[in-house]
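Visitor: Please read through the structure below; I'll follow up with questions.
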Amino acid sequence: MIGKRISAMFFLLMMLLVPVAMWANGGFNAFPVFNILQVASGEYSQQAEQRFEENFPQREELSNLAWNLRYRMGVKEIDGYFITDTSIIKNVGKPNRDIVKKNKSAIMEFTQRVNNKTYLMLLPTASAIKQRQLPDFATPYNQKSFIEDVYKSFGGELLTVDVYPILFANQNKNLYYNTEDQITPLGGYYTYMVLGDKLGTNVNSLDRYTIEYVKHDYEGKLKAKFPYAQVKSDVITLYNYRLDKFFRTYTVRRTQGNEYASLNDLYDRSSLRGENPLDVYFGGMSQIVDITIRTGSDKPSPNKTKLLIVGDETAKSYVPFLTPHYSQIQIINAVTATPQQLADADVSSFDQVLFAFSTDTYMHCENLSVITELANS
């Protein structure tokens, strides 16, 4: 407590000393006029940061100082993100009701056109699960109620998968990245525990997997967005199933526009040396990711069931855990896929269809309208 008071006093002192330094560079006119109302709202610190960058010769150091000023003055949400001691967490905000209505209508129409077993899963984001880490007085949107309302609105026309309780119960574990707006493989495992049971699989316990820690001190896109945030870096992990008597091999075929690529593994370790290390999962989340599971003798998997997932990037977290239970899993990334790609999907060849999105995607992504093309021919 004493340390925090000293630190706060230091930054208040800096607020008084910095104008003097700025006077030498651009005169007192460069510094914003002190206003107690603007201080309370955070507007003063934002003006100060802008003037700092414009008038101070050492902008890098000054930007760091300005960041700390804003943080110490209680500005804990910046540009729609909560800045905590460990993580950068997106404040998802309220849903776009028009988009939600269209998404529901598209999925409902699909269930009425096909005979496939159809499921819906909405994954809560970090702001809903990591509530204890949020700043005091933070008011994130109530995703739990939103998910429940969406599920009720389908009136039993499909099977819903509620993963909120298991994620919330394990919120103290590393379920979400600190520097990426994504769920981790461990979060994916807890998702799989509920999802796999709903899909009718015999869910594997976590001790059936070996864990590779393939990259330490990973700093993702949110760290680049807020470079001065003092948050914890991430570790990238790969979960490998301890194979039973049926040795499995994987062929991953990715489609992005008119370009195609193949990978003979679930993980593309070469991506760890690239610009986006999280592309290690499937080689990246393309518009279509098609995974074929076979035995070591190049025969089809003993599990004949085929699963079609229409979703988003959250699939990277839980799909590796589903692969022992299927002979084929195809993921259509509805966030980036084209209407034609949805229309060309051979839905009849799959036994199960899963619509799976983060709540943020389901609330706000306009491209999900492509769902209307699925099995529409």
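Visitor: Could you check how many residues of region 325-344 are among the small types (Gly, Ala, Ser), more than 17 Å from residue 252 (Cα to Cα) and assigned to a loop (DSSP other than H, G, I, E, B)?
Guide: Selection size over region 325-344: 2.
Visitor: Looking at the structure I just gave you, is residue 250 surrounded by 14 or more Cβ atoms within 10 Å (Cβ to Cβ) and within 29 Å of residue 338 (Cβ to Cβ)?
Guide: Considered against the rule, which asks whether it is surrounded by 14 or more Cβ atoms within 10 Å (Cβ to Cβ) and within 29 Å of residue 338 (Cβ to Cβ), residue 250 comes out as yes.
Visitor: If we only count strands (runs of 3 or more DSSP E) wholly inside region 213-294, which ones have 3 or more residues that are in contact (Cβ under 8 Å) with a residue 12 or more places away in the chain and under 30 Å from residue 345 (Cα atoms)?
Guide: Qualifying strands (runs of 3 or more DSSP E): 234-241, 248-256.
Visitor: In addition: Residues that are more than 17 Å from the chain's Cα centre (by Cα) and either in the same structural domain as residue 130 (by TED's automatic domain parsing) or among the β-branched types (Val, Ile, Thr) (or both): does region 185-192 have at least one?
Guide: no
Visitor: Go through region 304-324 and count every residue that is part of a strand (DSSP E or B) and either over 25 Å from residue 367 (Cα atoms) or hydroxyl-bearing (Ser, Thr, Tyr) (or both).
Guide: Matching residues across region 304-324 total 1.
Visitor: Turning to a different aspect of this structure: Looking for whichever is modelled with pLDDT under 95, touching a helix residue (DSSP H, G or I) at 6+ places or on another chain (Cβ under 9 Å) and within 29 Å of residue 142 (Cβ to Cβ) here; the options are 369, 301. Which one fits?
Guide: Selected residue: 369, the only one of 369, 301 that is modelled with pLDDT under 95, touching a helix residue (DSSP H, G or I) at 6+ places or on another chain (Cβ under 9 Å) and within 29 Å of residue 142 (Cβ to Cβ).
Visitor: Something else now. Got a sec? Which of 160, 125, 191, 184 is touching a residue at least 12 places away in the same chain (Cβ under 8 Å), surrounded by fewer than 19 Cβ atoms within 10 Å (Cβ to Cβ), hydroxyl-bearing (Ser, Thr, Tyr) and in contact with a helix residue (DSSP H, G or I) (Cβ under 9 Å, 6 or more places away or on another chain)?
Guide: So the residue among 160, 125, 191, 184 that is touching a residue at least 12 places away in the same chain (Cβ under 8 Å), surrounded by fewer than 19 Cβ atoms within 10 Å (Cβ to Cβ), hydroxyl-bearing (Ser, Thr, Tyr) and in contact with a helix residue (DSSP H, G or I) (Cβ under 9 Å, 6 or more places away or on another chain) is 160.
Visitor: Under the condition of being of a type outside the set (Val, Ile, Thr) and either buried (at least 20 other Cβ atoms within 10 Å of the Cβ) or not assigned by TED's automatic domain parsing to the domain that holds residue 358 (or both), which residue from region 141-157 is farthest from residue 222 (Cα to Cα)?
Guide: Applying the filter and picking the extreme gives 146.
Visitor: Another question, then. Among the residues of region 199-207, is any part of a strand (DSSP E or B), more than 20 Å from the chain's Cα centre (by Cα) and within 20 Å of residue 303 (Cα to Cα)?
Guide: Taking every residue of region 199-207 in turn, none turns out to be part of a strand (DSSP E or B), more than 20 Å from the chain's Cα centre (by Cα) and within 20 Å of residue 303 (Cα to Cα).
The values are calculated or read from the model by the stated rules, or taken from the named source; none is laboratory data. Bear in mind the structure is a predicted one, so any value in this text is a computation, not a measurement. For neighbour counting, all protein chains shown are included, and Cβ atoms are generated from backbone atoms with ideal geometry for every residue, glycine included.
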